[in-house]
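The values are calculated or read from the model by the stated rules, or taken from the named source; none is laboratory data. Worth saying up front: this structure is predicted, and the values here are computed from it rather than measured. Glycine also receives a Cβ, built like all others from the backbone with ideal geometry; neighbour counts cover every protein chain displayed.
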Amino acid sequence: MRSDKIHKVLAQGINRFEVCQLVSKGVRATHKLGSRFEDTINDALDFLGNNKSDQKSIHATSNSPGDKSLKSAA
């Protein structure tokens, strides 16, 4: 169930807003045409829930609004 996946991600210490942002970025980066968005969302949640990562490495380090380079969440 998806709620179990969400609880695994929240147990990593990521707040709900960040979960939404990271899943959104992950889906945009990994979705393939012809596949279901639900499956891609589940894959992104699985990745976030199973991979322990440093909280500092999740977010982009740039503070300038003109810099569009982002670190990959997936």
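Quick look at the values:
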{"read-out": "Of all residues making up the stretch 7-21, the number that are in a helix (DSSP H, G or I), more than 16 Å from Phe37 (Cβ to Cβ) and of a type outside the set (Gly, Ala, Ser)", "value": "9"}
{"read-out": "Subset of the stretch 16-35 (residues that are without any contact (Cβ under 8 Å) to a residue 40 or more places away in the chain and surrounded by 10 or more Cβ atoms within 10 Å (Cβ to Cβ))", "value": "Arg16, Val19, Cys20, Gln21, Val23, Ser24, Val27, Arg28, His31, Ser35"}
{"read-out": "Tally of residues being at pLDDT below 55 and not in a helix (DSSP H, G or I) across the stretch 30-58", "value": "0"}
